[in-house]
Amino acid sequence: MGFHGLLISFLLVSAAAFVNSQDIDIEALSPAESNCNGIYLSYAFGYRQKEFPHVKNATAQAYAFQATATILNAGTEELKSWKIFIGFQHEEILVSTGQAVLADGSELPAHVGNGTYLSGFPQSDLKTAIDTAGDMTQIQVQIDIKGTQFGVRPPSTPMPSTIRLANDGYKCPAPTRHKTEMHVCCIRDPKFKVKRTTTKFLPRQDGDLTINYDVVQAYGANYLAQVSMSNNHPLGRLDNWNLTWEWMRGEFIYSMKGAYTFSKDISDCIYGSAANYYQAMDFTPVMNCQKNPIITDLPLERYNDTSIGRIPNCCRNGVLLPSTMDPSKSQAAFQLQVYKIPPDLNRTALYPPQNWKINGVLNPDYQCAPPIRVSPTEFPDPSGLLSTTPAVASWQIVCNITRPKEKNSRCCVSFSAYYNDSVIPCNTCACGCPADPNPVCNPNASPMLLPYEALLVPFDNRTVKAKAWAKIKHYHIPNPIPCGDNCGVSVNWHIYSDYRNGWTARITLFNWETIHFADWFIAVEMKKAYPGFEKVYSFNGTRMEGRNDTIFIQGLPGLNYLIGETNGTNPATDPPVPGKQQSVISFNKKLTPGINVVAGDGFPWKLYFNGEECSLPTEFPIGAGYRSPVSILPLMLLPIIIFVLLMDQLC
């Protein structure tokens, strides 16, 4: 063979042996990663350094920190729309989360001292090593976390309390911690029933409010998207809704139909990356270039406008009613032309915006999850044929109503009763107190009892009445006096009568806002009294389907308009007058044996105005006993009986 032939054979054999000796996973894995047969999570603390200002109090000293969280799919099933929980516990403020976004839609910087959920963006799905031949870029994500934390003096390491996978169907044991690193292997829960689908996308989810982001036309540098909203909660509602999101890859809105942005701001395009690529574009007609645009609905009169209207379910002035009131008004939609910038200049480079938020006027608060990729939405053929056209790509955003925190409502309730001449007013700061509280009022004091006529007076004018009433009734007068409730709408629930076979309540709505509420509704949750509900006299009141404790009340046709606050007849001397509506509600006791109206059974457990849960007093009016209208009947009949007997004797 000769020397050269032997050398070539030796090199070929050595190369083959070298290749065969290599493992598929080129990157070295830790023993914990190698032994995981599920989803491997880790959190590695990097470094920290003292920030300004430098203070002597260790718990108040701020430190900039860096850490890395890793998610590795070491199992046999693809992980779609991954979400993890990191139990931060040192008053952390996150300023950067590369390869991830906050799952609750919060913007950075964000306070996460009680822990937070992170979701993937742009890589939201993790494939398996089996399907990718061990490609680490497709089965693993590393999140570079940067932020500020407090209260742990070096050399101690400020680690989270825990880390876990938040996707349904996985079980995570307590993480293993070693100095500056913690890790856990989460495995499939064998008891969890997986919903099998015939598509490669996640199934659509249920929520109080669902939003679809559908790309209906795709081009190289831009695409046409349709945003559709559906109100699925029986008590959820939005008035004058405002929708916002965050563009993550430099996109901007060129035009819209069915909605518009409050600000036609193009400065971010002209002074940003968009102008570098679209150098010949005239940005004057561009709708909005802001990273966080604020979008709202068009008024009803613009529906037939061929340039900005003519989108089904658009142009309702931002009103989104529950389907229990009007199914035809429980949906909204609009379209937008979105322009992209490099490197996303092809038809398939499609990324939905993140950090969705929506709110209304005196409506519930919604918390929206990140968009998840779902099967393409199918649209009916515009020609009227029975065929359908699927979207190019579709994402779903699920928003759920959050319960208002204490002193964070937008409406409140006062209690009163025929057996007590004082009104228990709305709670102090029920709807929040000013950021700079007035030194003449106490935000933590209990509210002062009021006479009935004070309910028609704005809080700023109630002080004199409250103090005078306290002196008359010999009540304690706090110093300083309690702050107001600061609520836009208040509701008074009054026990009107109580007799042997039934009882009645009177409900009064007060609108302290300058705006009007059309198609308003109230939902009243009653515990013991609900089975005895009979009738609402001046409103339309019905038992709510699917709920065995809720009375649904709305204005009668033509009378369902709650006007706003107006000035008095003489603004110099008369206080403003709230918009007001009132009705009586009757109950019987046949189906509620043992009900004690005076003891509190006649008051609502929860009350909602236009979907917003109102703040309720913590006490009920008390009384010495019943003053039943029926109890005077024998006294009225006694003179008649005596007269009949006397006449009989005379005859």
| task | State yes or no: is T324 assigned to a strand (DSSP E or B), open to solvent by 20 Å² or more (accessible area, probe 1.4 Å) and at pLDDT below 95? | result | no
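Yes or no, residue by residue, for (1) of a type in the set (K, R); (2) under 26 Å from G98 (Cα atoms):
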site: R177; (1), (2): yes, yes
site: C185; (1), (2): no, yes
site: F192; (1), (2): no, no
site: R204; (1), (2): yes, no
site: A221; (1), (2): no, yes
site: V227; (1), (2): no, no
site: S230; (1), (2): no, no
| Number of the exception - S267 against (1) without any contact (Cβ under 8 Å) to a residue 12 or more places away in the chain; (2) open to solvent by less than 50 Å² (accessible area, probe 1.4 Å) | (1)
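Conditions (1) over 30 Å from D208 (Cα atoms); (2) touching a residue at least 24 places away in the same chain (Cβ under 8 Å); (3) crowded, with 17+ Cβ neighbours inside 10 Å; (4) not polar (S, T, N, Q), marked per residue:
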{"site": "T569", "(1), (2), (3), (4)": "yes, no, no, no"}
{"site": "V584", "(1), (2), (3), (4)": "yes, yes, no, yes"}
{"site": "N588", "(1), (2), (3), (4)": "yes, yes, no, no"}
{"site": "L591", "(1), (2), (3), (4)": "yes, yes, no, yes"}
{"site": "I595", "(1), (2), (3), (4)": "yes, yes, yes, yes"}
{"site": "G600", "(1), (2), (3), (4)": "yes, no, no, yes"}
{"site": "F603", "(1), (2), (3), (4)": "no, yes, yes, yes"}
{"site": "Y608", "(1), (2), (3), (4)": "no, yes, yes, yes"}
{"site": "E612", "(1), (2), (3), (4)": "no, yes, yes, yes"}
| task | Please state which one of P382, P425 is of a type outside the set (A, V, I, L, M, F, W, C), open to solvent by less than 40 Å² (accessible area, probe 1.4 Å) and over 25 Å from K200 (Cα atoms). | result | P425
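I want to confirm something. Restricting to region 195-206 and keeping residues that are assigned to a loop (DSSP other than H, G, I, E, B) and modelled with pLDDT of 85 or more, which single residue is farthest from the chain's Cα centre (by Cα)?
F201
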| task | Could you please tell me which pairs satisfy a Cβ distance under 9 Å, a separation of 6+ or placement on different chains, a first residue in region 171-194 that is in contact (Cβ under 8 Å) with a residue 24 or more places away in the chain, and a second residue that is small (G, A, S) and open to solvent by 80 Å² or more (accessible area, probe 1.4 Å)? | result | V184/A174
| Among the residues listed as L209, L126, L235, L165, the single one being at pLDDT 95 or above, in contact with a Gly (Cβ under 7 Å, 6 or more places away or on another chain) and not polar (S, T, N, Q) | L209
| query | Filter region 444-463 for residues that are outside any loop (DSSP other than H, G, I, E, B) and open to solvent by 60 Å² or more (accessible area, probe 1.4 Å); which is modelled with the lowest pLDDT? | reply | D460
| message | Conditions first: (1) assigned to a loop (DSSP other than H, G, I, E, B); (2) of a type in the set (A, V, I, L, M, F, W, C); (3) surrounded by fewer than 21 Cβ atoms within 10 Å (Cβ to Cβ). I401 passes all but one, so which condition is the exception? | response | (1)
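The values are calculated or read from the model by the stated rules, or taken from the named source; none is laboratory data. Since this is a predicted model, take the numbers as computed values, not measurements. Positions of Cβ are generated from backbone atoms using ideal geometry, with glycine treated the same way; all protein chains shown enter the neighbour counts. Only protein heavy atoms, including side chains, enter the accessible area calculation; ligands, DNA and RNA are left aside. Shrake-Rupley method; radii C 1.70, N 1.55, O 1.52, S 1.80 Å.
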